[in-house]
Amino acid sequence: MDKVFTESPPDAGLLPRKFIPSGSVAIHRFFFLVLALTLSAIAADQFAAPILRTTSPLWATAACLLLVWRRGKLPSVLADRPFELTLSIGRLAVFFTAHFVLIQLARMMTSTLQPVAGTHTAGGILVAVCKLSVFLPTLVLFPLSLLNELVAAYKYEGMAALVVFITFSPGRAMEAVWPWYGQLLGRFVYALAQLFVAGLGYVKDLTPTITGPDLDITIIQSCSGITGFELFGYLFGVVTILDWNRLSKGRALFAYFAGLFAVLVGNTIRIASFVIFGNRGFARFVLNFHVSAGWIFFSLVFLVYLSLTYGWILDKGNSAPAPRV
């Protein structure tokens, strides 16, 4: 069967034709090419079958692709052995055929699945499984004998992609927990504002309200801090990509989730300040600027948080830049 090689051997007389020489560049390029094919195929699936559209698989794959590109070099655990790293015509045919079949099945079942998409029903779970199945054809591109080693070698890039997959669209998770979290947020805001403003009241509801002498503040779902979550994720993601080769991966992961918690705490302080200033003679100012002030506030939270943690998440013993593709 004809083979498409990612890199040609320097001396075909010394190595079997189906093998490429060991080395970081060859394996790095192979893994990068597989991710690029996966990203393109997922985008094509979602374009051809709208029922499969969801942002998480696209962004998770894109994040892994960028981090593999930033890493550049091959992990040392794989550096001293030959690899059968070929994209054969057969593997590519199976890969593209599987995506074509997935598209056709999704299009055939669209009328049945569309009404239950996004619901907490058996049909909704089936739609979610279909959206995640776009990853399965990628497995055929990897040599099975080396799959476990490659996964172990690129585990940090895979973990980062998983974090992106889980946290990229926090709106759905917030919608699910809002009846509980909304009350918790309202109670904390009320308790904090009470320290500075007398005569406040609390109205328990799906959207709790803190009443005051001059201004009542109703906490709706868009005030949950979800904007801060998204902004923090984007900005932290940029820092992670740029400094990937210098980061302590475990510390960066901890700092990311700790940062999300800091956003929640900051959002509580932000809403409490609206209650305090709104009932201290600045009601008009709060009404006019509380929406636009959110982006400014959360940007400042990120900058302050990054200034406090940036030095800690860097791996001081690994500051050399990695080679590129």
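Here Leu231 passes the criteria (1) modelled with pLDDT under 90; (2) under 14 Å from the mean Cα position of the chain (by Cα) except the one numbered (1).
Residues are listed down the side, and each one gets a yes or a no for (1) at pLDDT below 90; (2) more than 26 Å from Glu175 (Cβ to Cβ); (3) in the same structural domain as Leu67 (by TED's automatic domain parsing); (4) not β-branched (Val, Ile, Thr):
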{"site": "Val203", "(1), (2), (3), (4)": "no, no, no, no"}
{"site": "Thr209", "(1), (2), (3), (4)": "no, no, no, no"}
{"site": "Gln221", "(1), (2), (3), (4)": "yes, no, no, yes"}
{"site": "Thr227", "(1), (2), (3), (4)": "yes, no, no, no"}
{"site": "Leu235", "(1), (2), (3), (4)": "no, no, no, yes"}
{"site": "Ile241", "(1), (2), (3), (4)": "no, yes, no, no"}
{"site": "Trp244", "(1), (2), (3), (4)": "no, yes, no, yes"}
{"site": "Leu247", "(1), (2), (3), (4)": "no, yes, no, yes"}
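Among the candidates Ile241, Ile220, Ile296, the residue that is under 19 Å from Gln183 (Cα atoms) and either within 28 Å of the chain's Cα centre (by Cα) or without any contact (Cβ under 8 Å) to a residue 12 or more places away in the chain (or both) is uniquely Ile220.
Here's the yes/no breakdown for (1) among the small types (Gly, Ala, Ser); (2) buried (at least 17 other Cβ atoms within 10 Å of the Cβ):
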residue: Leu126; (1), (2): no, no
residue: Cys130; (1), (2): no, yes
residue: Pro137; (1), (2): no, yes
residue: Tyr156; (1), (2): no, yes
residue: Ala161; (1), (2): yes, yes
residue: Ala176; (1), (2): yes, no
residue: Gly182; (1), (2): yes, yes
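Scanning the range 245-276 for residues that are among the hydrophobic types (A, V, I, L, M, F, W, C) and surrounded by fewer than 19 Cβ atoms within 10 Å (Cβ to Cβ) yields Leu253, Phe254, Phe257, Ala258, Leu260, Phe261, Leu264, Val265, Ile269. May I ask you to verify whether Pro137 is part of a helix (DSSP H, G or I) and either touching a Ser or Thr at 6+ places or on another chain (Cβ under 7 Å) or assigned by TED's automatic domain parsing to the domain that holds Ser273 (or both)? So Pro137 fails the test.
Would you be able to say whether some residue in the range 142-158 is polar (S, T, N, Q), modelled with pLDDT under 80 and in a helix (DSSP H, G or I)? Yes; the residues of the range 142-158 include at least one that is polar (S, T, N, Q), modelled with pLDDT under 80 and in a helix (DSSP H, G or I).
Of all residues in the range 62-79, those that are in the same structural domain as Val34 (by TED's automatic domain parsing) and at pLDDT below 90 have Cβ atoms under 8 Å from Cβ atoms of residues that are in a helix (DSSP H, G or I) and among the hydroxyl-bearing types (Ser, Thr, Tyr), 6 or more apart or on another chain, in Gly72/Ser24; Lys73/Ser24; Leu74/Ser24; Ala79/Ser24.
The values are calculated or read from the model by the stated rules, or taken from the named source; none is laboratory data. Keep in mind that this is a model prediction, so the values were computed, not measured. All Cβ positions, glycine included, derive from the backbone under ideal geometry; neighbour counts span all protein chains shown.
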